[in-house]
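Structure, as structure tokens:
The values are calculated or read from the model by the stated rules, or taken from the named source; none is laboratory data. Because the structure is a prediction, the values reported are computed rather than measured. Every residue, glycine among them, receives a Cβ derived from its backbone with ideal geometry; neighbour counts consider all protein chains shown. Protein only, heavy atoms only, side chains kept; ligands, DNA and RNA dropped before computing areas. Shrake-Rupley method; radii C 1.70, N 1.55, O 1.52, S 1.80 Å.
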Amino acid sequence: MSRYLKNLPPLESLIHFEAVLRNGSFTKAATELCVTQSAVSKQIRTLEDWLKLPLFERLVRGIQPTPAGLALQREVSPMLQSLLHSVARLQAEHNRHTLTVNCTHAVAQFWLFPRLVAFSQQHPDITVNIHASNSMDEASVAEYDFAIFYGDGRWSSLAAEPLFPEIVYPVYSAQLDYPAVTQVEQLAALPLIQLDSSAWNCINWHDWFGHFGLAYTPPARVPMFNQVTLAFNAVLQGMGIGLGWEFMAHDLLQQGVLKRLGPFAFVSGKVDFLAHPRHKSLSDNARLFKHWLLDSVSQPATAVPADGRHPGY
């Protein structure tokens, strides 16, 4: 008998266990798994009998995991997630008509999605799936065909081609009206939409003003957004002046939805790259998509002062 069959509980019982603990309810787990509540209860009993340990305390108003249940969750949840990624990657590798791209939520919504619409119209036989996540690192790129990865382009395990540079400037809704700004310090007195970027590598107003040699501290008791897309949507809703990344703001500026405030821009020197693992050979469709996306990249002209100098440099 296989050592796994002999020494591991049934996979189905582990899947049910993970769903119950994550949902905090047998009923919610049953709904998610499209089975009856009694079927979920049966799987949990099977797992508890196999382990000879109680995994949940049955309370009057719900359930509570036992110490053994919590300990098992710490092992089972990442194991199932890893298995899911491995199976999906294996399927994608053998399904040459499906590609996967990992990128941030902002890049997915404002830059990649419009291009995928055009790509799908030209190549309807190729499916491109977007996996949006703000938690990306070099190792995670291997789980996908491509990633749009932010940085300096120097990654030992990745082949990377530049897509667009990071250029950030103040923007606001065209429905609002602000006085002209000729000095960077004038911006600090205006209603700035605050971005809390402490959880990831992202420019906020403190960084932006610092680029121009100015200290900046957000005023007390102002709304704070912890995602670039949330802060940018606040700009679109007319809540004030926000940081506009060129890849997000360019088209909306051209359409007259947004306006720039002042000629100042922070060019960070970082770039978003189209990356893929160096050791992984690309399928014909992956190469086609890569070349199409790189060919589709245009370098939009940004506003340059009359003296010809880019204010962000």
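Where in region 14-34 is the amide nitrogen less than 14 Å from a point lying 7 Å along the Cα-to-Cβ axis of Trp50? Answer for this model: 14-19.
The residues of region 52-203 expose on average 55 square angstrom of accessible surface per residue, using a 1.4 Å probe on protein heavy atoms.
Alpha-carbon geometry of the chain: the Rg and the Dmax are 24.9, 79 Å, given in that order. Near the amide H of Leu163, within less than 5 Å, lie the amide hydrogens of Asp272, Phe273, Leu274, all on another chain or at least 5 residues away, with H placed in the peptide plane. Placing dummy labels 7 Å off each Cα toward the beta-carbon, the span from Arg287 to His123 is 1.2 nm.
Give the percent of DSSP beta bridges with both residues in the chain that are antiparallel, rounded to the nearest 5.
Working: 25 of 36 bridges.
Within the chain, antiparallel bridges account for around 70 percent of the total.
Shown for the chain: the carbon plus sulfur share of the solvent-accessible area, taken with all protein chains present and a 1.4 angstrom probe, equals 54%. Screening the chain for DSSP H helices whose Cα atoms reach 27 Å or more along their own axis and whose mean Kyte hydropathy is at least 0.0 gives 67-94.
Segment Glu161..Asp137, full-extension length gain: 7.0 nm, with 0.36 nm per residue of separation and the alpha-carbon distance subtracted. Spacing of the modelled spin labels on Asp295 and Arg115, each 7 Å from Cα toward Cβ, amounts to 1.4 nm. Report the residues of region 228-249 in range of a label on Leu176: point 7 Å along Cα→C-beta, backbone N strictly under 12 Å from it. In region 228-249, the label zone of Leu176 (backbone N under 12 Å from the point 7 Å along Cα→Cβ) covers 232-244.
Pairs of Cα atoms nearer than 8 Å and 6+ residues apart set the relative contact order; for the chain it is 20 percent.
Relative to one another, the C-alpha centroids of region 232-254 and region 125-163 are positioned 25 Å apart. Estimated from helices alone, the mean residue ellipticity of the chain at 222 nm is -11500 deg cm²/dmol (sum of -39500 (n - 2.57) over DSSP H runs with n ≥ 4, per residue).
Okay, which of region 33-67 sit inside 18 Å, backbone N to the point 7 Å along the Cα-Cβ direction of Ile15? Only 33-48 pass the distance filter. Distance between the pseudo-spin-label points of His211 and Ala88 (7 Å out from Cα toward the beta carbon): 3.3 nm. If the cut-off is a Cα-Cα distance under 22 Å, which lysines reach Lys28, setting aside same-chain residues fewer than 8 apart in sequence? The qualifying lysines are Lys42. The value given for region 166-268 is a Kirkwood hydrodynamic radius of 13.6 Å, derived from the mean inverse Cα-Cα separation.
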